[in-house]
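J.: For reference, the structure I am asking about is given below.
The values are calculated or read from the model by the stated rules, or taken from the named source; none is laboratory data. Because the structure is predicted, anything quoted here is derived from the model rather than measured. Neighbour counts run over all protein chains shown; Cβ positions are idealised from the backbone, glycine included. To get the accessible areas, we keep the full protein, side chains included, count just its heavy atoms, and leave off ligands, DNA and RNA. Shrake-Rupley method; radii C 1.70, N 1.55, O 1.52, S 1.80 Å.
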Amino acid sequence: MKPSSLFCLLTALFISISVVAKDYVTSEQLPEWFSLSLARESNELPQTPLSLQSFPINAKGLGSWSEPQQVEDYWYFTVDIGSETPIECWAFKDYDGLANSLVNMMNYAVTNVSQEQGKTLESRYNFSLDISTLERVPVFSYEILYNLGESSERASGLMKGLSAESPNGLQVCLHNEIGYRKTFKDVFISFVNALDRAADIQPFYFAINGMKMQGELVGIVSEKFSKDADGDIEIIETTSLILPVDANTVSASDSQVRSWSYADGTLINTYSYTVENGELSSSLGISKPEEKWVIEGEVQGKAVNSELAFNDAFVSNFGAYLEMQRLANSENNSLSYNMWNADTDPTQPTRTILHKRGQKDGLLALSAEIENIEVEYSVDEEFVLQEAQINMGPVKFFMTPLYVFGNPTNL
């Protein structure tokens, strides 16, 4: 950290910067000392053997890594890269989600620095936000510029954070120092690549789609389909978003839906949860233990346990691809089916109406009406998403593939 006049500069600067920009500030807009510090990197770092059997990790990490310290159900490392402060890294088995975990840890770290320095957290700003993938591993990057103290005693710092949701759990690294951005990312990539991924159940279909708003990536949506020994399909869907609220804060949201489906696409059972800004907002599941569909869980802290009046079959998310294939191979222009969705009305079936819209750039164009949401999208010959526009009233999201493996309808 260094004393600076960044407070006045950034107060004016953020008034005119779009809150969904990938990088909010460029080096040209910052004081010279900050730009020089920002350009610092480490060279010729050593490689350290990493071994963590329970995660599992067994490879080499870039930099000088400490021995892992286990704290309850997570492990903690420090990494010396030759800078003033070390990088700190964690491996988690249990966690809130890719977005919430990173944002919560970043917020806690900035507050902790303020307390350690004995100076008031005078201001903080979103410095940078990025979303990417390392093949099938989604990665979130978030940086916070903060100011401590008042007037002549003010000091500024840059908290950098990266999180990745790998097949075996969550990995997070933080670095509280201006500069070393590429070094920090290289160290983190070595951490993610140290994972033993052989233990992961191999899906027959796995797709990660990026979610865009105003041209910038703000989240990921992934689907993973695996077939068990009985021929049933396990479906795991994950959505993680970090949305800038204003120049100072972001909103984090993570949700996961885990379902089981018969091979014909009909639903066996499903469980979903959503965490928003560190708080569990819903946790709901549906199953059919006897003759009735039963919902169990909680919404906003209130317990839910009830039977559905609807008693027909639900289509699973795997089954939705089979419905798409059925429509494409028929002479019909539309079809409809019922799904269960905790985000609409969990006490009622969610009716989906699917329409063929001809061809678009050699791809099959489709649209879907789901309650008050309209989705316009195109798929290739294997029914893999190529692009989508989601219209939710005045809000529009766009989806684009980041990683695709396999075929969603080929068991």
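J.: Hand me the list of strands (runs of 3 or more DSSP E) wholly inside the stretch 25-120 holding 1 or more residues that are surrounded by 15 or more Cβ atoms within 10 Å (Cβ to Cβ).
T.: 47-52, 57-62, 74-80, 87-92
J.: Surrounded by 20 or more Cβ atoms within 10 Å (Cβ to Cβ) and in a loop (DSSP other than H, G, I, E, B): does that describe I178?
T.: Considered against the rule, which asks whether it is surrounded by 20 or more Cβ atoms within 10 Å (Cβ to Cβ) and in a loop (DSSP other than H, G, I, E, B), I178 comes out as yes.
J.: Could you say whether any residue in the stretch 131-146 is in a loop (DSSP other than H, G, I, E, B), at pLDDT 85 or above and under 19 Å from Y95 (Cβ atoms)?
T.: Yes: the stretch 131-146 contains one or more residues that are in a loop (DSSP other than H, G, I, E, B), at pLDDT 85 or above and under 19 Å from Y95 (Cβ atoms).
J.: Now, a different point. I'd like the full set of residues that are open to solvent by 30 Å² or more (accessible area, probe 1.4 Å), in contact with a strand residue (DSSP E or B) (Cβ under 6 Å, 6 or more places away or on another chain) and of a type in the set (A, V, I, L, M), limited to the stretch 262-280.
T.: I268
J.: Just give me the residues in the stretch 271-315 being touching a Phe, Trp or Tyr at 6+ places or on another chain (Cβ under 8 Å) and either of a type in the set (V, I, T) or outside any strand (DSSP E or B) (or both), in sequence order.
T.: Within the stretch 271-315, I286, W293, L308, F310, N311, F314, V315 qualify.
For every residue, the table says whether it meets (1) in contact with a Phe, Trp or Tyr (Cβ under 8 Å, 6 or more places away or on another chain); (2) over 25 Å from D73 (Cβ atoms).
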| site | (1), (2) |
| --- | --- |
| S101 | yes, no |
| E116 | no, yes |
| T120 | no, yes |
| R124 | yes, yes |
| P138 | no, no |
| S156 | yes, yes |
| S166 | no, no |
| L174 | no, no |
| E177 | no, yes |
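J.: Among the residues of the stretch 373-410, write down those that are of a type in the set (A, V, I, L, M) and either modelled with pLDDT of 95 or more or under 23 Å from T133 (Cβ atoms) (or both).
T.: Once the filter is applied, which keeps residues that are of a type in the set (A, V, I, L, M) and either modelled with pLDDT of 95 or more or under 23 Å from T133 (Cβ atoms) (or both), the stretch 373-410 yields V375, V379, V384, L385, A388, I390, M399, L402, V404.
J.: Is there any pair linking a residue in the stretch 147-158 that is in contact (Cβ under 8 Å) with a residue 12 or more places away in the chain and at positive phi to one that is part of a loop (DSSP other than H, G, I, E, B) and among the polar types (S, T, N, Q), with Cβ under 7 Å and at least six apart or on different chains, and which?
T.: G149/T120
J.: For the stretch 208-222, which positions are out of contact with any helix residue (DSSP H, G or I) (no Cβ under 9 Å at 6 or more places or on another chain), of a type outside the set (G, A, S) and farther than 15 Å from S128 by Cα?
T.: Those that are out of contact with any helix residue (DSSP H, G or I) (no Cβ under 9 Å at 6 or more places or on another chain), of a type outside the set (G, A, S) and farther than 15 Å from S128 by Cα: I208, N209, M211, K212, M213, Q214, V221.
J.: Tally up the residues in the stretch 365-398 that are open to solvent by 30 Å² or more (accessible area, probe 1.4 Å) and either out of contact with any Pro (no Cβ under 9 Å at 6 or more places or on another chain) or aromatic (F, W, Y) (or both), please.
T.: Result for the stretch 365-398: 17.
J.: Is it fair to say S128 is in contact (Cβ under 8 Å) with a residue 24 or more places away in the chain, in a strand (DSSP E or B) and among the small types (G, A, S)?
T.: yes
J.: For V294, are the conditions met, namely being open to solvent by 20 Å² or more (accessible area, probe 1.4 Å), touching a strand residue (DSSP E or B) at 6+ places or on another chain (Cβ under 7 Å), touching a residue at least 24 places away in the same chain (Cβ under 8 Å) and of a type in the set (V, I, T)?
T.: No: the conditions fail for V294.
So that you can scan it fast, the table gives a plain yes or no per residue for (1) surrounded by fewer than 16 Cβ atoms within 10 Å (Cβ to Cβ); (2) more than 20 Å from F206 (Cα to Cα); (3) modelled with pLDDT under 95; (4) β-branched (V, I, T):
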{"residue": "S282", "(1), (2), (3), (4)": "no, yes, yes, no"}
{"residue": "P289", "(1), (2), (3), (4)": "yes, yes, yes, no"}
{"residue": "E298", "(1), (2), (3), (4)": "yes, yes, yes, no"}
{"residue": "E323", "(1), (2), (3), (4)": "no, no, no, no"}
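J.: For the structure I just gave you, tell me whether F225 is surrounded by 21 or more Cβ atoms within 10 Å (Cβ to Cβ) and in contact with a His (Cβ under 8 Å, 6 or more places away or on another chain).
T.: Considered against the rule, which asks whether it is surrounded by 21 or more Cβ atoms within 10 Å (Cβ to Cβ) and in contact with a His (Cβ under 8 Å, 6 or more places away or on another chain), F225 comes out as no.
J.: Which numbered condition trips up L243, out of (1) open to solvent by less than 40 Å² (accessible area, probe 1.4 Å); (2) out of contact with any Phe, Trp or Tyr (no Cβ under 7 Å at 6 or more places or on another chain)?
T.: (1)
J.: Over 30 Å from Y125 (Cα atoms) and either of a type in the set (S, T, N, Q) or assigned to a loop (DSSP other than H, G, I, E, B) (or both): which single residue out of E331, E234 fits that description?
T.: On inspection, the qualifying residue turns out to be E331.
J.: Let me ask something else. So the check is Cβ under 9 Å with 6+ separation or different chains; which pairs have a first residue in the stretch 28-40 that's under 16 Å from T183 (Cβ atoms) and among the hydroxyl-bearing types (S, T, Y) and a second one that's open to solvent by less than 30 Å² (accessible area, probe 1.4 Å) and not in a helix (DSSP H, G or I)?
T.: Note: pairs meeting the criteria are S37/L158; S37/E177; S37/I178; S37/G179.
J.: Same structure again: Let me confirm something: among F314, F310, which residue is of a type in the set (F, W, Y) and at pLDDT below 95?
T.: Being of a type in the set (F, W, Y) and at pLDDT below 95 holds for just one of F314, F310, which is F310.
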